[in-house]
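Below: the structure, in structure tokens.
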Amino acid sequence: MVNYADNVHAILEKAGIEKGLLIDCTGYFESEDLGRKIKIEKKSFEKAEEFLNNETDVKGIFVEENMISRFEEEFCEGVYEKIEQSRIVLFVCGRNPLTRDEVFEILSGQRMEFLNIQGYTKAGLCSAMDKLGFELIAEENAESKKAEIMSDNTLLARESTVHRYLAWLEQYISAGLTAEYYIQAYQACGRKAVSGSGNKNNAPFLSIVTRTQGRRLEALRETFLSLEGQECLDFEVLVMGHNLNDEERRNVESVIEETPKYFREKVRLIQVVGGNRSTPLNKGFEAARGEYAVILDDDDIVFDHWVSSFKEKAEKYPGRVIHAYVIAQEWYSFQTSAGKESLRAGGSPQNQFCRDFHLINELNGNYCPVLGLAFPLYPFRKMNMRFDETLDTAEDWDFLMRVSCICGVVDVKEPTSMYRLWKNAENSHSLHSEKEWVNNTNRIRKRFRNKPLLLPVEYIDEMIQIAEKNASFYGTKVEERGQVTPLYYDNGSGFNERCVKRTGSRKALPEIYYEFVDFEIEGLISSIRWDPNETGYIFVENVRILITTDDGKVIEKKIPQMNTNGLKNRNQIVFFHPDPQIVIHFNKKIRISKIVITGTLRNDITEDMHNSIALQYNSSVVRKTKKAVKAVGKKILRKY
């Protein structure tokens, strides 16, 4: 028999019980085990209810896990209310029906005996108690003392890749399979009208979580207006009022009341006190009833197919994170002559967030605005994947990378929303120092380095092509001098493999000097495209492209005059993604004899460069009207 008494002192201390009366329905404990200030009454589970009604000094009740299934029948509402009102702690004694190695062995298909598994795992018990209206407040575990054995089963071999991944996952999601037995302490926290995942028949597809501090009311009105125009209305809106005072709460309630009745019925205002930027997200995801959740801050705008695009992809690729393209735009807030707050765009839309999700590139930094991401809620509810409330910045990037490594990602390859970046109003970059951003980025990257990476299958072919074209990417030594890059030219049939010239650099990296010749036979050319390399995560600096025409005229192009799918940063172009491109379009078709490209090419992108680009593009991105932006977004996608 398991000796739970070894753990009872520790669990009582964690639960804050120093004296009083305990009901023991298990028969495991004796009063002398617990000291003079604590008394134990041994009662059968059936008689515990009657005893509770006659005693006022009960501090806790010990039960076995096999009694949990009887709680709904045996614990009437009156007894539950007494447990809740008297703050009586419910202690559940249990043992894992399976060890971690047994689970791995089952996965390998090598368990020979008949499986008759009964009981709760630690995580399973927490889930069952949550549905009954109990919250876990403490636990004590007795870890399994079985000696590690050598195994020829790859899933059990400690250093195999699959074992390390499964072990990391089991530990991360807190399944608790390494504990032989445990005692968990619970307090009643109120019966839930709606269970964690909601009533399947009535639950919406999408839960929209909107953080607000009640300071951007006009922007919040526009956010609501864009939601009112959705093609698909299968959503709810959770407005997370963070640290609102009475006036701010009334203002937010007033904006909600302005909305049409059908929309207002979808909205819940939930007050959140304390914590940081991540706290309202955790509270919102906890309260969400949908299958998926998305974060839409109180100053952004979505297009009419935003929800429907998420839903269409979720039905086709269930369980994946859904990533949609996002248009970015600068905006200004100002006061009218009448003293009313008004908003206006500050420029044209930009396309730096209109690209596919790329897991490997995303390890370097966050290039996915959070309003373009719909997360399946199962990992949050059941796999311990929550927003890290110790992070003041980049909490969405950290969460995205943890969930995407488990679920995978599917792209919506068109803009469905607009990320408004404010030139003269506070935002996450203005509220937090560059040092905070750097520190949090480094913390998140350290986590990447300490866990196995489950690589989606779609990256395998890409990595093979990279290895074929650029051996140095995987550490193979190549000559720096003479590295070959392609220059494509459009003489009427677009950029293709028939219209390309390749040459090696005459200088050793990081210096580059490419000379492309013999264009005379190619006819009239309308544009050229230089691809610095295949892999990306590089930057080129002080690049000059000298085009010599057939009559001897030299046309010089510098970085400001170049089109690119990278990010311009003063005299640099930075490429975080594969297939970097620089394009030059001519006003009219010309005949070319020679093209020379000079500058430097490096792959040591620094933190300062990361932050400079983040700050620049988080304060220089733009939109005009909803209709115009959608049109411009489609034009951007056709550009290359």
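The values are calculated or read from the model by the stated rules, or taken from the named source; none is laboratory data. Just so it is clear, the model here is predicted, and its values are computed rather than measured. All Cβ positions, even for glycine, are placed from backbone atoms using ideal geometry, and neighbour counts span all protein chains on display.
Side notes on the structure shown:
- For the stretch 511-537, a residue qualifies if it is surrounded by 15 or more Cβ atoms within 10 Å (Cβ to Cβ), in a loop (DSSP other than H, G, I, E, B) and modelled with pLDDT of 85 or more, and the qualifying residues are PHE519, ASP531, PRO532, ASN533.
- Check on ILE270, more than 17 Å from GLY229 (Cβ to Cβ) and of a type in the set (Val, Ile, Thr): yes
- One residue alone among GLY347, GLY319 is under 27 Å from ARG215 (Cβ atoms), assigned by TED's automatic domain parsing to the domain that holds GLU231 and touching a residue at least 12 places away in the same chain (Cβ under 8 Å), and that residue is GLY347.
- Only one of the numbered conditions (1) under 23 Å from the mean Cα position of the chain (by Cα); (2) closer than 23 Å to LEU421 by Cβ is not met by GLY241, and that is (2).
- The single residue among GLU30, GLU18, GLU46 that is over 44 Å from the mean Cα position of the chain (by Cα), under 18 Å from ILE88 (Cβ atoms) and surrounded by fewer than 16 Cβ atoms within 10 Å (Cβ to Cβ) turns out to be GLU46.
- Which listed residue is surrounded by fewer than 18 Cβ atoms within 10 Å (Cβ to Cβ) and among the small types (Gly, Ala, Ser), from GLY284, GLY241, GLY319, GLY290: GLY319
- Helices (runs of 4 or more DSSP H) wholly inside the stretch 16-95 that include at least 3 residues being at pLDDT 75 or above and at negative phi: 45-54, 77-85
- Residue satisfying all of: in the stretch 187-220; under 19 Å from LEU373 (Cα atoms) and either of a type in the set (A, V, I, L, M) or at pLDDT below 90 (or both); surrounded by the fewest Cβ atoms within 10 Å (Cβ to Cβ) among these: LEU206
- Scanning the stretch 543-555 for residues that are among the hydroxyl-bearing types (Ser, Thr, Tyr), buried (at least 20 other Cβ atoms within 10 Å of the Cβ) and either touching a strand residue (DSSP E or B) at 6+ places or on another chain (Cβ under 6 Å) or touching a residue at least 12 places away in the same chain (Cβ under 8 Å) (or both) turns up nothing.
- Per-region count, the stretch 229-238, residues surrounded by 15 or more Cβ atoms within 10 Å (Cβ to Cβ), more than 23 Å from the chain's Cα centre (by Cα) and of a type in the set (Asp, Glu): 0
- Exactly one residue out of SER404, SER308 is buried (at least 21 other Cβ atoms within 10 Å of the Cβ), at pLDDT 85 or above and among the polar types (S, T, N, Q), and it is SER404.
- Being buried (at least 16 other Cβ atoms within 10 Å of the Cβ) and either modelled with pLDDT under 90 or of a type in the set (S, T, N, Q) (or both) is a property that GLN561 lacks.
- Residues that are surrounded by fewer than 17 Cβ atoms within 10 Å (Cβ to Cβ) and either within 15 Å of SER527 (Cα to Cα) or among the basic types (Lys, Arg) (or both) were ranked within the stretch 564-580; the one that is modelled with the highest pLDDT is LYS568.
- If only residues of the stretch 488-502 that are assigned to a strand (DSSP E or B) and under 17 Å from ILE584 (Cβ atoms) are counted, the one that is nearest to the chain's Cα centre (by Cα) is TYR488.
Residue-by-condition table, conditions (1) farther than 30 Å from GLN335 by Cβ; (2) in the same structural domain as VAL412 (by TED's automatic domain parsing); (3) touching a strand residue (DSSP E or B) at 6+ places or on another chain (Cβ under 6 Å):
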position	(1), (2), (3)
THR210	no, yes, yes
GLU218	no, yes, yes
GLU247	no, yes, no
ARG268	yes, yes, yes
VAL272	no, yes, yes
LYS283	yes, yes, yes
ILE295	no, yes, yes
ASP298	no, yes, yes
SER308	yes, yes, no
